[in-house]
1. Gap in Å between the Cα centre of the range 68-137 and the Cα centre of the range 22-48?
2. What length, rounded to one decimal in nm, is gained on full extension from Asp197 through to Ala431, with 0.36 nm per residue of separation minus their alpha-carbon distance?
3. Can you figure out the FRET efficiency of Arg489 with Ala389, using R₀ = 22 Å and their beta-carbon distance, to the nearest 0.05?
4. Excluding Pro52 itself, what net charge comes from residues whose Cβ is under 15 Å from its Cβ, given Lys and Arg +1 and Asp and Glu -1?
5. Which order, highest average first, do 566-578, 146-158 follow once you tally other Cβ atoms within 10 Å for each residue and take the mean per peptide?
6. Need one number: nm distance between label points at Arg544 and Asp65, each 7 Å from Cα along Cα→Cβ, rounded to one decimal.
7. Test of understanding: extend the Cα→C-beta vector of Gln363 to 7 Å, then name every residue of the range 288-328 with backbone N under 18 Å from that spot.
8. Can you tell me the length gained on complete extension of the stretch Phe560 to Glu342, counting 0.36 nm per residue apart and subtracting the Cα distance?
Amino acid sequence: MTAALKYRQADSENAPAMLGVERSARGSRWVERLAPGRALIATAIAQAHGLPELLGRVLAARGADTHTASRYLDPSLRTLLPDPARLQDMEKAAERFASAIRAKEPIAVFGDYDVDGAASVALIERYLRAHGQTPTTYIPDRLTEGYGPSEAALTGLAQEGARLILTVDCGTTAEAAIEAANAAGAEIIVIDHHQADEALPPAFAVINPNRQDDLSGQGHLAAAGVVFLFLVAVTRALRREGFYRTLPEPDLLGLLDLVALATVCDVVPLKEANRAFVAQGLKVLRLRHNPGLRALADAARIDAAPTCYTLGFILGPRINAGGRVGASNLGAKLLASDDEIEARAIAAQLEALNTERRAIEEQMLEEAFASAEAFLADDPTRPLLFLAAEGWHKGLIGLIAGRVAERFRLPAFVAALEPDGFATGSARSIASVDLGAAVRAAVHEGLLVKGGGHAMAAGFKLERRKHDALLQFLLERLARPVAQASSLRHLAIDGALSAGGANQELMDLLDRAGPYGPGHPEPRFVFPAHRLSRVRAIKEAHIRCTLHAQDGARIEACAFRVADTPLGALLLQGEGLPLHVAGHLRRSSWQGRETIELMIEDAADPHSAQP
């Protein structure tokens, strides 16, 4: 934890609760996001850049100062793209790949089956096609092969003729598979971003900003971001060799829509280069140059300019649906395709698979919530949830783990029990609790067959007979960090608004400080003592209502998946009553008319708040 973060947390603990809300419907203490010590910086930003005070506060609360505010307002590659050579093994790998392009060596690409993996494979495939080559691509089947390279897959690629194999969004822990590929005559370049142990696999090169000896400071990149830096380095290497004297250089900027998609969908922090990738990638996406993304947007009936929400909640789930309940290679195939007819056919298939995925997920989620309540009934103080069942779809356990973690605000491990005595699982965490490290430690202790991931998400394979020992290990390891995280359960709020203040002018202002996501959170506002009307449940899960200010202004509002939670109960009982309501604003378009909606995240009864 950085000194600055500790300072902000201490500031939040000592500052008075906003509107006196010490415990909201979701059990949070409301605090101002902008620490008191940064109020002057907010004013200075506003004055130096000719901005309204509100935007200065939003920027200062996210780490900007007068010297860096312009990089927040205009996140460009010119100012934010790091030098690829700072990453370990980058120059070595770029030279090797450039050599393979010049010699037209057979090249294969092995990628993960999620959006980040699919986008990474498509980036390399498109880059090679621009150089007149077509690689062999391999996406493992999530259900039968699981995550990462296997010996059979890599040796198979080598036996088919590949002399150079790239593993993208995976490979950092694939020691045995890479050894086998080496023995079969292929060299391996690993391009990854997952947490790494001190010992690395015997690859020709391992490009991973999260390897322990990498000092680049780029550990926040998604795999596609690392691949983009790799392609920049390869282009430089080819340029030095005079390769482009008679050939045009590839349009790397035209590939940023894929990098933006992967960056948002992999939920990595939107800071530094990631902000530039997403901001510039959204501009490329609006041009609709990629036939696969264009076909998918049409299949999903997207008729507005794309945003981070479009990437993360509309396009991303559809691409993932192939790996979850269909063919794992569909996402990469779609993103790499330049054939309009093929792209439309794949997009339609993914749309159908996504509908199927939602139906299966709904049933699993109902069972998982019931299982979680039973798990906590045995001991409500447990610092995590560990749920397992036979018959659960392996392709959806990650989604279920995320929803369970969100609902119960605890790290969640969800496993599908197999008849062969093993279990395949996914885990999702809460802020400040590193699950990736816990899973890797369990592997070292011999409690898991394999496992790894990020701080917020991990995957694992377990022998069912070791379930009790693993659970005890995780309970002991995570008890303290979960307790610390729970003690800091604050809801950070950027300011108070009235319904009349939530207008297009404000949205235009907030857009200037975007894009928003992890590490650069979307602005959250509280609407104090607004009266609720037309409160109603939608599809037995969501709640819609209208908020009325004292001056008569009103704003429509919606809370997703809260109907059977304390927040949902407070809203449903609030018809005609004033409530403090917190959330973020979103543009909504209907029949050509654009309005502003409040997406409710929390609420509190003004009468129970402390003055």
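1. Comparing the Cα centres of the range 22-48 and the range 68-137, I get a distance of 39 Å.
2. Here the answer is 82.0 nm.
3. Efficiency, rounded to the nearest 0.05: 0.15.
4. Once positives and negatives cancel, what remains is -3.
5. Order by mean packing, descending: 146-158, 566-578.
6. My value for the distance between the label points is 4.7 nm.
7. 324-326, by backbone N distance to the label point.
8. Going from the current span to full extension adds 75.0 nm.
Only the coordinates and a few stated rules stand behind these numbers; no lab work does. Just so we're clear, the structure is a prediction, and the values are computed from it rather than from any experiment. Here Cβ is always computed from backbone atoms with ideal geometry, including for glycine, and neighbour counts include all displayed protein chains.
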